[in-house]
1. Filter segment 40-58 down to the residues that are surrounded by 24 or more Cβ atoms within 10 Å (Cβ to Cβ) and among the small types (G, A, S), then identify the one that is farthest from S83 (Cα to Cα).
2. Go through segment 251-289 and give me each residue that's farther than 18 Å from A39 by Cα and either part of a strand (DSSP E or B) or touching a Lys or Arg at 6+ places or on another chain (Cβ under 9 Å) (or both).
3. Just a yes or no: is a residue in segment 283-291 of a type in the set (G, A, S), over 13 Å from N244 (Cα atoms) and within 16 Å of the chain's Cα centre (by Cα)?
4. When residues of segment 218-233 are filtered for being part of a loop (DSSP other than H, G, I, E, B) and more than 21 Å from the chain's Cα centre (by Cα), how many remain?
5. Filter segment 161-217 for residues that are hydroxyl-bearing (S, T, Y) and part of a strand (DSSP E or B); which is surrounded by the fewest Cβ atoms within 10 Å (Cβ to Cβ)?
6. Examine segment 300-311 for a residue that is of a type in the set (S, T, Y), surrounded by fewer than 19 Cβ atoms within 10 Å (Cβ to Cβ), in contact with a Gly (Cβ under 7 Å, 6 or more places away or on another chain) and not assigned by TED's automatic domain parsing to the domain that holds D61, and state whether such a residue exists.
7. If I filter segment 110-139 down to residues being among the hydrophobic types (A, V, I, L, M, F, W, C), more than 21 Å from L193 (Cβ to Cβ) and outside any loop (DSSP other than H, G, I, E, B), which single residue comes out as nearest to the chain's Cα centre (by Cα)?
8. Out of the residues in segment 173-182 that are more than 13 Å from V208 (Cβ to Cβ) and either aromatic (F, W, Y) or touching a Phe, Trp or Tyr at 6+ places or on another chain (Cβ under 8 Å) (or both), which is modelled with the highest pLDDT?
Amino acid sequence: MRLMKKPVLLAVTLVAAAAIAQDNKPIPGIGPAGEIVQAHTGFKFTEGPAADAQGNVYFTDIPNNRIHKVDIAGQLTTFLEDSQGCNGLMFDGRGRLIACQGKAGRVIAMDVATKKIEPLADTYNGKRFNSPNDLVVDRHGGVYFTDPSFGKDAPPQDKMAVYYIAPDRKVTRLIDDLPRPNGVILSPDEKTLYVVPSGSPDVMAYPVVAPGKLGKGRLFCTLQQASSGPPRGGDGLTVDTAGNLYLTQPSLKAIQVVNPDGKTLGLITFPEGPANCAFGGPDMKTLFVTARTSLYTVRMQVAGHRFGGSHF
């Protein structure tokens, strides 16, 4: 791996973007269409990228309890301090930022202008959630989210699960038989829900019978593995307008691109292990990748799919 010279950072700051030669062979019709760029660095652990309607991208730095914003000009600002461990993010149809607030054990909605926080779901069967991790907002305004338990000796919930918050705030447990459910996304037509367990290399697909109602799951694809070591699962994911999935693999320092039929099209590698990714920018053709201490960007040939629902 060859890195171009860039400033040494002691703290989060605005930095000149550094192009990185990763020798990624473009996947036909998908990309990369340019170099991997280290847009910003100096964080502790980045996660949860999400684009607003203009293409500005918000992402989290979990240990530092912050949500950051990168505008379409590439400028970095801190959007929210004391985020209480916010992880996965996505905008809904009302322009609110929906977030998995892991330390508080709940899913929240934030008014971007006022930063007012409104809880959407904080309990199931009278107990707080373990640590909401990632989410996706459907066109009806409902929210699917994962609730694993990482390092808790006595988690509040008896299962690590995937839930659905209906527009009327009713919470339903949908899946409770996966090892540490982590990433979650819908297909562009919202007929399939994909779930990435971090405790298994098997990515699952579930037919969406109706909003918040799933059919029997099936194995969608198996994540590629390193030549040595135990099998490892993935983390976050996103989807483009053609329905291709972009699955982050921290252990391989790569994103595995898989088509809607479950066929792997190729890997896009990064200097650091990616935790999550999302499309952003005015044309939604820039892939934003949160990877450990940095935020990376790369231009793609295909555009990302925009999710978002109606009013809660």
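1. Ranking the qualifying residues of segment 40-58, first place goes to A51.
2. Once the filter is applied, which keeps residues that are farther than 18 Å from A39 by Cα and either part of a strand (DSSP E or B) or touching a Lys or Arg at 6+ places or on another chain (Cβ under 9 Å) (or both), segment 251-289 yields S251, L252, Q256, V257, V258, T264, L265, G266, L267.
3. Checking segment 283-291: at least one residue is of a type in the set (G, A, S), over 13 Å from N244 (Cα atoms) and within 16 Å of the chain's Cα centre (by Cα).
4. Result for segment 218-233: 6.
5. Among residues in segment 161-217 that are hydroxyl-bearing (S, T, Y) and part of a strand (DSSP E or B), the one surrounded by the fewest Cβ atoms within 10 Å (Cβ to Cβ) is T172.
6. yes
7. Per the criteria, the residue is M110.
8. Checked segment 173-182; the qualifying residue modelled with the highest pLDDT is R173.
The values are calculated or read from the model by the stated rules, or taken from the named source; none is laboratory data. Everything quoted here is computed from the prediction, not taken from an experiment. Cβ coordinates were reconstructed from backbone atoms using ideal geometry, including for glycine residues, and neighbour counts include every protein chain displayed.
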